[in-house]
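A quick write-up on the structure given underneath.
Coordinate-derived values only; no laboratory data. Please read all numbers here as calculations on a predicted model, not as lab measurements. Cβ placement follows ideal geometry from the backbone for every residue including glycine, while neighbour counts extend to all protein chains displayed.
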Amino acid sequence: MYSIDDFGWMIRDEPRMQAHVKALRAAVTPGCTVLDLGAGTGIFALLACQYGAGKVYAIEPNESLILAQNFAQANGFSDRIEFFQKLSTEVSLDRKVDVIIADMRGVLPFNSENIASMIDARERFLAPGGTIIPRKDTLFAAVYSSAESYQSIENPWIKNPYGLDLTAGVRFITDRWVSRGRKNNKLLSDAQSWGEIDYRTVSHYNLSGRVNLKVHSAGTAHGISVWFDAELAEGVSISNSPESVELVYGGAHFPWPKPVALAPGDRVSLKIETRKLGDIYLWRWNTEVFPSGSDHQASETFNQSTFNSQLISPQHLGRFTEQSRPKLSLKGQVEALVISLMDGKLTHGEIAHEVVSRFPQRFRRHEEALSEVTKISRRLSD
Ligand SMILES: C[S@@+](CC[C@H](N)C(=O)[O-])C[C@H]1O[C@@H](n2cnc3c(N)ncnc32)[C@H](O)[C@@H]1O
């Protein structure tokens, strides 16, 4: 969940904003209809009005939408913007839109529901021949060296001053990707594209690719750097490449389980894949390092997956097979009771009173139950 500080940071990111402004200006025609999807503080909705849109829908589940309404009033756009404080997948619009603008990526485009929401919005809301911003994200990979970002892996899991073997912890740190710091980060290979998401046509959530990265600089490699180049409109693009100007998105490091010394002419073969499972993306990246002149004999092979970095016991996993029969936990029973009582007639206080009387061991005080009830209500009530 983003804070107002985060939204402010997004607006302060000038290269990101300038590119979106350019794409939006080119797409908005006088009187047209625009959807600001994932509106945040409504910055794109406000700009769409400024550029002449006749009607704008701003959809955002975050409380930041309250601020967006404030801004609309302050700028005289209240009569043109319709706000929905919901997820777009829960919204119906009374007409199709000419332009959809969204920036729902995180560090990478595989940010929980980004692709799914873009597909849903395009299919349900975009008029035939309408414009979608961004058009396309192209994913890139290159080998990086960053002793600084590798320090948290080496210390304490590989080396520690206590004489303890903590290497079992390594995979929990390396079999996941992290938002990278840029400082002292160097690319040792060329960069290659391993896939693209064309928002105008994409119909699935997953992506995979295979690349052969050519090492051009000697150094100690620590893993694979991944980023996107976004085409927002014809001739308008932004990138969170480690070699471009730094943007609010940051970038992603997929670390290796150990540092590897590389020399110019070496080759790094990478197979990378991300697959949406429920509301998270599972990543797999397999790396083979081929020293110069040895094309068939890999000197290092790493098979990594974010699945390996989960601290989940086999017993826990066994509970979630197709055949297992789930049973509500105490927390689930409380939630089920609260949901059954949320009929628009009882107050939060009355529901909390009922919760205390049904679960006296769990809730000793009315305030405790009330806090749980309002938490559930905030999430699920209309
Ligand atoms: C990175 S922020 C961008 C905010 C603003 N549009 C900007 O560019 O400054 C993305 C926003 O999308 C929202 N979001 C994500 N999925 C959404 C969906 N399906 N429907 C509506 N909003 C969504 C998030 O809550 C978040 O506030």
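Per-residue ellipticity at 222 nm for the chain, helices alone: DSSP H runs ≥ 4 residues times -39500 (n - 2.57), over residue total, nearest 500 deg cm²/dmol? Mind dumping the intermediate values first?
Details: 11 runs with 109 residues, N = 382.
Counting only the DSSP helices, I get -8500 deg cm²/dmol.
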Handout entry: Choice from Ser340, Ser88, Ser244 with maximal GNM fluctuation in the chain (Cα, 10 Å cutoff)
Key = Ser340
Handout entry: Cα Rg, Dmax, the chain, angstrom units
Key = 24.6, 76
Handout entry: In order through the stretch 188-193: 3J(HN,Hα) via Karplus (6.51 cos²θ - 1.76 cosθ + 1.60), integer Hz, x for Gly, Pro
Key = 9, 10, 5, 9, 9, 7
Completion exercise
Using the Kirkwood formula on alpha carbons, the hydrodynamic radius of the stretch 119-217 in angstrom works out to 17.3
Exercise for the section: Please sort 33-44, 68-79 by packing, taking for each peptide the average over its residues of neighbouring beta carbons within 10 angstrom, highest first. Expected result: 33-44, 68-79
Exercise for the section: Return the single residue from Ala252, Ala168, Ala26 with maximal mean-square fluctuation; model: Gaussian network over the chain, springs between Cα atoms under 10 Å. Expected result: Ala168
Exercise for the section: Quick one: grab Rg to one decimal and Dmax as a whole number for the stretch 235-275, Cα atoms only, in Å. Expected result: 14.4, 40
Exercise for the section: Any chance you could tell me what percent of the C-alpha pair distances in the stretch 179-245 go past 19 Å? Expected result: 46
Exercise for the section: Once you've got the GNM for the chain with C-alpha springs shorter than 10 Å, pick whichever of Ser149, Ser203, Ser299 has the biggest mean-square fluctuation. Expected result: Ser299
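Suppose every K and R has +1 on its Cβ and every D and E has -1 on its Cβ; what is the size of the dipole of the chain about the Cα centre, in Debye to the nearest 20?
With only Lys, Arg, Asp and Glu charged at Cβ, the dipole is about 600 debye.
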Exercise for the section: Output the Cα-based Rg and Dmax of the stretch 178-290 in Å, rounding Rg to one decimal and Dmax to a whole number. Expected result: 15.0, 42
Exercise for the section: Place a label point 7 angstrom from the Cα of Ser152 along the Cα-to-Cβ direction, then list the residues of the stretch 82-112 whose backbone nitrogen is under 17 Å away. Expected result: 107-108
Exercise for the section: Please work out the Cα convex hull volume for the stretch 1-144 and give it in Å³ per residue. Expected result: 122
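Where both residues lie in the chain, what percent of DSSP beta bridges are antiparallel, nearest 5?
75
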Exercise for the section: Compute the convex hull volume of the Cα atoms of the stretch 209-271, divide it by the residue count, and report the result per residue in Å³ as a whole number. Expected result: 121
